[in-house]
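**Q** First the structure, which I've put down as C-alpha cells, then a few questions once you've had a look.
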Amino acid sequence: MQVRLVLALWVGVAAASCAPVQSATVISRAEEELRTARLAGADQLAPYEFTKADLYLKMAKERQGFSDFEAAKVFAEEAQRLAVTAKQNAPYNLRLQQRRAVPLSPGGEGVR
C-alpha cells in the first residue's frame, strides 16, 4: 500500500513539473516562428496573421506568468500556427501587390 502511495506521489510530481517545461518550449518555438515571419516580411505582407500571432504569443507569456501553463501552451501553439501561416502567405501577398501595381491600358492589357 505504501509503495502505491509513493509511486502515485512521484507520478504526480513528475506530471506537475512537465507543464512549465512544455509551455516554455512551445513559447520558445512560437517566438522563433514569429521572428522568422518578421524576417520574411510577414509583418507588412500578412499583417492580420502576424499581428494575431504576436497577440497570442503575448497572451501565452501572460498566462505563463500566472502559472496557467496549460493555457500558455494552447496560446503559444496558436501563435506558432499563425506565424507559420503569415510566413507562408507573405510571398503570395507580395505577388498580389506586384500584380496590382501594374497599370492597365485602356484596352485592359497590362503595360510594362
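**Q** So which residues in the stretch 67-77 are among the acidic types (Asp, Glu) and under 14 Å from the mean Cα position of the chain (by Cα)?
**A** 77
**Q** Give me the pairs, please: first residue somewhere in the stretch 20-44 and closer than 18 Å to residue 62 by Cβ, second residue anywhere and of a type in the set (D, E, K, R) and loosely packed, with under 15 Cβ neighbours inside 10 Å, beta-carbon distance under 8 Å, and either six or more positions apart or on two chains.
**A** 23/70
**Q** Also, quick follow-up: Can you give me the ranges of the helices (runs of 4 or more DSSP H) entirely in the stretch 35-112 with at least 2 residues that are modelled with pLDDT of 95 or more and among the charged types (D, E, K, R)?
**A** Details: elements: 42-45, 47-65, 69-101.
Correct list: 47-65, 69-101.
**Q** Go through the stretch 17-49 and give me each residue that's within 15 Å of residue 80 (Cα to Cα), surrounded by fewer than 17 Cβ atoms within 10 Å (Cβ to Cβ) and among the β-branched types (Val, Ile, Thr).
**A** 25, 36
**Q** I would also like to ask the following. Out of 80, 64, which single residue is of a type in the set (S, T, N, Q) and within 12 Å of the chain's Cα centre (by Cα)? If you could, list the steps in order and put the result at the bottom.
**A** Numbers: 64 fails: within 12 Å of the chain's Cα centre (by Cα).
None of the others qualify; the one that does is 80.
The values are calculated or read from the model by the stated rules, or taken from the named source; none is laboratory data. If you're wondering where the values come from, they're calculated on a predicted model, not measured in any experiment. Heads up, the Cβs are rebuilt from the backbone with ideal geometry, glycines too, and the neighbour counts pull from every protein chain shown.
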